[in-house]
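Peer 1: The structure that follows is given in the form of structure tokens.
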Amino acid sequence: MTALLSVKNLTVEFTTRDGIAPVIDDLSFDLAPGETLSLVGESGCGKSMTALAIMGLIPSPPGRVASGSISLAGENLLQAGDTRMRAVRGNDISMVFQEPMTSLNPVFTVGEQISETLRRHQGLTRRQAKALSIEMLDAVQIPLPTRRINDYPHQLSGGMRQRVMIAMALACRPKVLIADEPTTALDVTVQAQIFDLMRAVGKETEAAIILITHDMGSVAEMAERVVVMYAGRKIEEGCVDDILARPRHPYTRGLIACVPHLLETVSAERPYLQEIPGMVPPLSDFGFMGCLFAPRCDRVETRCWQEKPKVTQITPSQSAACWNLQEAKVRVDA
Amino acid sequence: MQFLVITLKRCGLGLGLLLAVLVLNFLLMHLAPGDVADSIAQDAGGLDAEVMAQIRKDYGLDLPLWEQMLKYFYSVAQLDLGYSFYYNQPVTTLILEKLPATLLLIISAQVVSILVGVVLGVIAARKPNGVTSHFVTILSLVGYAAPVFWTGIMLIILFASMIPLFPIGNMVDVSVERTGFAYMVDVLHHLVLPMLTLASIFIALYSRLARASMLDVLGSDYVRTAQAKGLSEFQVVFKHALRNALLPVVTTAGLVFSGIVSGAVLVETVFSWPGLGTLAVQAIVARDTPTILGILFFSSLVVVVANLLTDMLYRIIDPRIKTAETSEI
Ligand SMILES: Nc1ncnc2c1ncn2[C@@H]1O[C@H](COP(=O)(O)OP(=O)(O)OP(=O)(O)O)[C@@H](O)[C@H]1O
Ligand code: SF4
Ligand SMILES: [Mg+2]
């Protein structure tokens, strides 16, 4: 498998009042063409920062890519200049943000906002760009696209705006679409529609998708592979089916246990809904040379506090970083 | 359609405001001790009561107050603001003669201060710790603290006296007869210093405002979206960010317009600019009530018109206002 997008040993540092902290700590993963990969983890784990790093949009200062590489089809984007990155953004890699209510510019029509991307990257004329924008609105199932194209964002609902964002992101047929919690701000019913849409349009345009979420339910629904992140580090990776059936890292197991319908049976030892006790450590603790999950872990041992967990390759596709891996045979719902 | 309705509504409000000024004018005129008959009597060295009554009758001063007020409104509607005995001219003629000079001064000051203020603000916001940013901070402090007449005198000392680039005062060089283009250039040459003096306060205001709102907008989600689309830096800053950052500047420009008009009075005096301000000062000294009230009416008119224009401009820049009717003025 040749990777389309390859992130290798990426470290992003933030300068904070307490000193320099690695928001992303030695992160590596590959994305194959057309694949849907999910980045999952609780709030503050560095998921959005990973996305921004790929886009070359880490706010600097206070942020800085300290080391590693991000290559798109063999080209190291971290070495690319500003002009080159502007040509990549929105054309080869595009992004949908979490907040549909504020992510569109209030003073331009949605038509203008979609077609300016087309004009910039594809060199289309105004008329061509407008025609294609209408097509895109139609593709994301917005009714009466010829009329809607003249609407301003405030005239659309949140779900509609997110559809516009998706239309805008996919207009130039990018190789990679990064969706950063695209449905978090939307109603549950609208969430399902947006996921259906992303699946359909993603398939149609053959874009590989990185879906960022904190919800294992969305992962199960959307993704083929999953990277679980905790406090800036990758702690487990694998195919969705394997991970859901046999999570080997205690944190992954905890995330799955948060979503009741993923558990096949509910038994006496395993009540309906679990939550992981405690919370993600503050940024100042990131980079700690032990397991950052130790304070919350029920399998913690002395070594966990002293050494950074080693990555164990469990199967060719599944790996986890933990000193005391969950037994493979113990199913979550057992 | 809705745009038209709202515009008409705003025009109605503006008219109401002008009417209020007129009522105030009328009452002020009546509160002032003595009337036309008294002043004519004074001029004539005394008149008997019968003649005085006749004069009052001729001028309609014997009518009930409300009727006099209606008559006053009626004559104002015909642009008749009364007669100035001091200048021996109808007040309207007097004002219309001076109005262009004042309009030239306030409009050019407003335009220049918005342009310079916004440009400074944008540069400062893009590099919040850069030289321009500190310059804007200092400028707004000085601009606020310094009184207009002081700035004016300093500019005169600097650029008219020490480095004689510009004339000290007046609107044209009276020693030479000029027409056409040469006349315009001469006027512009005379305009520079008074305009800069008046603009200085507002450059300070607008640059600080533009800097703050630009900083705010540059951190917004939609600017990040614009970046993520791969737009050029120019498009991100001047298309996506600036259009939004201008909104508070436009609102403020409307709000402070009356401040510009009153600032113009001082500036005109310092630079002996032959406009309404100079006329107002002379009229006050001469206790020429009709002229003072006429100027009051005209400056209210200018402010009301400016506010209407601001309101329309705002509605053009911000589509959210055009459709969602808001209740505030
Ligand atoms: N501008 C900033 N300055 C300092 N720290 C920041 C800044 N932006 C983010 N962080 C920190 O970086 C860490 C990672 O943030 P990130 O936004 O990537 O988290 P996330 O996984 O996307 O979480 P969420 O689910 O809340 O979006 C967090 O601890 C956050 O506090
Ligand atoms: S390394 Fe130790 S503390 Fe960390 S998850 Fe594994 S068992 Fe728990
Ligand atoms: Mg995030």
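The values are calculated or read from the model by the stated rules, or taken from the named source; none is laboratory data. Not measured: the values here are computed from a predicted model. Note: ideal-geometry Cβ built from the backbone for every residue, glycine included; neighbour counts use all protein chains shown. Remember, those area values only see protein heavy atoms, side chains included, never the ligands or the DNA or RNA. Shrake-Rupley method; radii C 1.70, N 1.55, O 1.52, S 1.80 Å.
Peer 1: Output the residues belonging to the range B:165-224 that are among the basic types (Lys, Arg) and either part of a helix (DSSP H, G or I) or surrounded by 22 or more Cβ atoms within 10 Å (Cβ to Cβ) (or both).
Peer 2: B:ARG208, B:ARG211, B:ARG224, listed by residue number.
Peer 1: While we're here: Suppose we keep only residues that are touching a helix residue (DSSP H, G or I) at 6+ places or on another chain (Cβ under 7 Å) and within 30 Å of B:VAL51 (Cβ to Cβ) within the range B:1-29. Which one would you say is surrounded by the fewest Cβ atoms within 10 Å (Cβ to Cβ)?
Peer 2: B:LEU28
Peer 1: In addition: Just to verify a result, which residue in the range A:18-34, among those that are over 21 Å from A:ARG225 (Cα atoms) and assigned to a strand (DSSP E or B), is most open to solvent (accessible area, probe 1.4 Å)?
Peer 2: By that ranking, first place goes to A:ILE20.
Peer 1: Out of the residues in the range A:35-51 meeting the condition of being more than 9 Å from ligand 3 (Cβ to nearest atom) and outside any strand (DSSP E or B), tell me which one is most open to solvent (accessible area, probe 1.4 Å).
Peer 2: In this case the residue turns out to be A:GLU42.
Peer 1: Out of the residues in the range A:297-312 meeting the condition of being under 15 Å from A:GLU236 (Cβ atoms) and touching a helix residue (DSSP H, G or I) at 6+ places or on another chain (Cβ under 6 Å), tell me which one is farthest from ligand 3 (Cβ to nearest atom).
Peer 2: So the residue we want is A:ARG299.
Peer 1: Can you tell which of A:ASP151, A:ASP180, A:ASP138 is within 23 Å of A:VAL219 (Cα to Cα) and not basic (Lys, Arg)?
Peer 2: Only one candidate qualifies: A:ASP180.
Peer 1: For the range A:165-174, enumerate the residues that are buried (at least 21 other Cβ atoms within 10 Å of the Cβ) and either under 19 Å from the mean Cα position of the chain (by Cα) or away from chain B (no Cβ under 12 Å) (or both).
Peer 2: A:MET165, A:ILE166, A:ALA167, A:MET168, A:ALA169, A:LEU170, A:PRO174
Peer 1: Any residue in the range B:25-53 that's outside the structural domain of B:PRO290 (by TED's automatic domain parsing): show its pairings with residues that are open to solvent by 80 Å² or more (accessible area, probe 1.4 Å) and modelled with pLDDT under 75 at Cβ separation under 8 Å, as long as the two are six or more apart or on different chains.
Peer 2: From residues that are outside the structural domain of B:PRO290 (by TED's automatic domain parsing), the pairs are B:ASP35/B:TYR59; B:VAL36/B:TYR59; B:ALA37/B:TYR59.
Peer 1: From A:GLY254, A:GLY232, which residue is of a type in the set (Gly, Ala, Ser) and closer than 17 Å to A:GLN326 by Cβ?
Peer 2: Every option except A:GLY254 fails the conditions.
Peer 1: Return the pairs, sorted by first residue and then second, in which the second residue is away from ligand 1 (no atom under 15 Å from the Cβ) and modelled with pLDDT under 80, the first residue lies in the range A:268-294 and is more than 14 Å from chain B (Cβ to nearest Cβ), the beta carbons are less than 6 Å apart, and the residues are 6+ apart or on different chains.
Peer 2: Once the first residue is more than 14 Å from chain B (Cβ to nearest Cβ) and sits in the range A:268-294, its partners that are away from ligand 1 (no atom under 15 Å from the Cβ) and modelled with pLDDT under 80 give A:TYR272/A:PRO260; A:TYR272/A:VAL266; A:LEU273/A:PRO260.
Peer 1: Something else: Given the condition of a type in the set (Val, Ile, Thr), away from ligand 1 (no atom under 13 Å from the Cβ) and closer than 26 Å to B:SER232 by Cα, answer yes or no: does some residue in the range A:74-84 qualify?
Peer 2: Checked against the condition, which is being of a type in the set (Val, Ile, Thr), away from ligand 1 (no atom under 13 Å from the Cβ) and closer than 26 Å to B:SER232 by Cα, the range A:74-84 yields at least one hit.
Peer 1: Would you confirm, using the coordinates I've provided, whether A:ARG148 is open to solvent by 60 Å² or more (accessible area, probe 1.4 Å), more than 26 Å from the chain's Cα centre (by Cα) and either more than 9 Å from chain B (Cβ to nearest Cβ) or not small (Gly, Ala, Ser) (or both)?
Peer 2: yes
Peer 1: Now for a different question. Condition first: surrounded by fewer than 20 Cβ atoms within 10 Å (Cβ to Cβ) and among the hydrophobic types (A, V, I, L, M, F, W, C). Now tell me which residues in the range B:277-289 satisfy that.
Peer 2: Once the filter is applied, which keeps residues that are surrounded by fewer than 20 Cβ atoms within 10 Å (Cβ to Cβ) and among the hydrophobic types (A, V, I, L, M, F, W, C), the range B:277-289 yields B:VAL281, B:ILE284, B:VAL285, B:ALA286.
Peer 1: Can you name every residue in the range B:277-319 that is closer than 30 Å to A:GLN155 by Cα and of a type in the set (S, T, N, Q)?
Peer 2: B:ASN307, B:THR310
Peer 1: Applying the selection to the range B:73-104, what residues are under 11 Å from B:PRO290 (Cβ atoms) and in contact with a Leu (Cβ under 9 Å, 6 or more places away or on another chain)?
Peer 2: B:LEU81, B:GLY82, B:SER84, B:TYR87, B:PRO90, B:VAL91, B:THR92, B:LEU94, B:ILE95
Peer 1: Just to be sure I understand, how many residues within the range A:295-325 are near ligand 2 (Cβ under 9 Å from one of its atoms), touching a residue at least 60 places away in the same chain (Cβ under 8 Å) and outside any loop (DSSP other than H, G, I, E, B)?
Peer 2: Total meeting the criteria: 2.
Peer 1: Which one of these does A:GLY159 not meet: (1) open to solvent by 50 Å² or more (accessible area, probe 1.4 Å); (2) touching a residue at least 12 places away in the same chain (Cβ under 8 Å)?
Peer 2: (1)
Peer 1: Which of the residues that make up the range A:43-62 are within 6 Å of ligand 1 (Cβ to nearest atom) and not polar (S, T, N, Q)?
Peer 2: Passing the criteria: A:GLY44, A:CYS45, A:GLY46, A:LYS47, A:MET49, A:PRO59, A:PRO62.
Peer 1: Shifting gears a bit: Take B:ALA124 and tell me if it is in contact with a Pro (Cβ under 6 Å, 6 or more places away or on another chain), in contact (Cβ under 8 Å) with a residue 24 or more places away in the chain and open to solvent by less than 30 Å² (accessible area, probe 1.4 Å).
Peer 2: no
Condition check ((1) on the phi > 0 side of the Ramachandran plot; (2) in contact (Cβ under 8 Å) with a residue 24 or more places away in the chain; (3) more than 14 Å from every other protein chain (Cβ to nearest Cβ)) across all residues:
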| residue | (1), (2), (3) |
| --- | --- |
| A:ILE20 | no, no, yes |
| A:PRO59 | no, no, no |
| A:ILE70 | no, yes, yes |
| A:GLN79 | no, no, yes |
| A:ASP82 | no, no, no |
| A:GLY90 | yes, yes, no |
| A:MET95 | no, yes, no |
| A:GLU99 | no, yes, no |
| A:LEU104 | no, yes, no |
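Peer 1: Do you know which residues across the range B:290-300 are touching a residue at least 40 places away in the same chain (Cβ under 8 Å) and open to solvent by 50 Å² or more (accessible area, probe 1.4 Å)?
Peer 2: Within the range B:290-300, B:LEU296 is the sole residue that qualifies.
Peer 1: Given A:ASP180, A:ASP196, A:ASP138, A:ASP241, which one is touching a Lys or Arg at 6+ places or on another chain (Cβ under 8 Å) and among the charged types (D, E, K, R)?
Peer 2: Residue meeting the stated conditions: A:ASP180.
Peer 1: Is one or more of the residues making up the range B:304-325 within 17 Å of B:LYS98 (Cα to Cα) and of a type outside the set (Val, Ile, Thr)?
Peer 2: no
Peer 1: Right, next: Among A:ILE20, A:ILE24, which is the only one that is within 24 Å of A:MET279 (Cα to Cα) and within 16 Å of ligand 3 (Cβ to nearest atom)?
Peer 2: Unique residue meeting the criteria: A:ILE24.
Peer 1: List, please: which pairs have Cβ atoms under 7 Å, are six or more places apart or on different chains, and start with a residue in the range A:111-133 that is closer than 22 Å to A:GLN162 by Cβ and end with one that is of a type in the set (Lys, Arg) and crowded, with 24+ Cβ neighbours inside 10 Å?
Peer 2: A:THR117/B:LYS229
Peer 1: Moving on to the next point. How many residues, within the range A:121-138, are more than 26 Å from the chain's Cα centre (by Cα) and within 12 Å of chain B (Cβ to nearest Cβ)?
Peer 2: Total satisfying the criteria: 1.
Peer 1: Would it be correct to say that A:GLN141 is away from every other protein chain (no Cβ under 13 Å), surrounded by fewer than 23 Cβ atoms within 10 Å (Cβ to Cβ) and within 25 Å of the chain's Cα centre (by Cα)?
Peer 2: So A:GLN141 passes the test.
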